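The values are calculated or read from the model by the stated rules, or taken from the named source; none is laboratory data. Everything numeric here is computed off the predicted structure, so don't read it as measured data. Here Cβ is always computed from backbone atoms with ideal geometry, including for glycine, and neighbour counts include all displayed protein chains. The area values use the complete protein model at the heavy-atom level, side chains included, leaving out ligands, DNA and RNA. Shrake-Rupley method; radii C 1.70, N 1.55, O 1.52, S 1.80 Å.
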Amino acid sequence: MASLPPPAAGTRHAGTESTPIRRNPAGNVARPMVQKLPEPQDIAACLEVTTFDTPPFYSTSSQSFRNTVEGYSAPEGTYDPVVRSLHNLAHLFLNGTGGTTHLSPNDPIFVLLHTFTDAIFDEWLRRHPAAVYPLENAPIGHNRDYNMVPFWPPITNAEMFVTAPENLGYSYEADWPSRPVTLTEIITIAVVAALIVVAVIFAITTCAVRSKTYKMDGRQPLLGEQYQRYDDHDRHSDKTQSVV
Ligand SMILES: [Cu+2]
């Protein structure tokens with residue numbers, strides 16, 4: 001029996017005829033939200049989401065790092081049905097083959113996007129060493145001790161919930177963006193700085209006043225002008241005596 005010829009360039013990975021790879025970056029005028037790529041601060045924000053996943057362990061999960069990096073939540077972790085961010089936003093920005101779920105692996109950018117998404121996950125694991133993978137109630141195949149499909153030999157989700165250098169044989173080198181300072185933090189820093197300045201001025205003033213007082217005390221004669229002198233007293237006594 002003759003074998004089928006290899007699929008021509010531009011066909012689907014499933015081997016059925018399709019169109020060439022298409023890209024129309026930022027060209028989806030019907031969805032302004034997907035006309036831009038994720039920003040570095042979006043990555044910084046998602047790296048600060050502290051919980052790996054939250055019920056219902058789905059694309060509607062809020063404050064879930066998994067759902068945030070996937071792109072169904074705002075970068076800070078809050079679920080919003082209209083938001084598309086990070087991984088999802090990069091797909092949708094491509095607005096073509098890379099933005100269509102069942103075709104996206106045909107665009108070579110897919111490899112870069114998913115490698116970088118894994119690098120973010122790896123950095124998140126490094127920053128949150130106490131994080132736990134859901135034990136139960138996740139969709140089928142996604143509990144901690146379930147095997148990852150289709151890998152063979154079988155390996156569980158828990159076994160892959162480790163940083164890359166730990167036992168996967170590779171590591172990432174990336175300059176991770178730092179989170180911008182929030183207005184609340186700026187106000188807090190300003191208030192603390194002002195209090196420190198006031199405390200320093202108060203301390204300096206107190207020291208100066210005490211030092212001056214000490215010096216004045218040191219020069220204070222035992223008897224000043226306000227005290228009656230012996231001779232005055234004597235004179236006064238003499239007057240008294242003379243009156244008498
Ligand atoms: Cu993807």
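Descriptive notes on the structure:
- If R0 is taken as 51 Å, the Cβ-Cβ distance between residue 60 and residue 209 corresponds to a FRET efficiency of 0.20.
- Neighbours of residue 62 by Cβ distance under 14 Å: Lys/Arg scored +1, Asp/Glu scored -1, total -3.
- Couplings 3J(HN,Hα) for region 103-108, derived from phi with the Karplus relation 6.51 cos²θ - 1.76 cosθ + 1.60 (θ = phi - 60°), are 10, 3, x, 6, 8, x Hz, where x marks Gly and Pro.
- Summed over the residues of region 32-160 and divided among them, the accessible surface reaches 52 Å² per residue at a probe radius of 1.4 Å.
- Within region 102-155: Cβ-based charge dipole about Cα centre, in debye rounded to nearest 20 (Lys, Arg +1; Asp, Glu -1): 100 debye
- Relative contact order (%) - region 64-171, alpha-carbon pairs under 8 angstrom, separation at least six: 13 percent
- Placing dummy labels 7 Å off each Cα toward the beta-carbon, the span from residue 149 to residue 82 is 3.6 nm.
- Taking label points 7 Å from Cα along the Cα-to-Cβ direction, residue 114 and residue 50 give a separation of 3.3 nm.
- For the peptides 138-147, 51-60, the ranking by mean Cβ contacts within 10 Å, running from highest to lowest, is 51-60, 138-147.
- Relative contact order %, region 38-106, counting alpha carbon pairs below 8 Å whose residues are six or more apart: 22 percent
- Accessible-area value, residue 79, 1.4 Å probe, nucleic acids and ligands omitted, Å²: 80 Å²
- Between residue 170 and residue 185, the simple spin-label model (points 7 angstrom out along Cα→Cβ) gives 3.1 nm.
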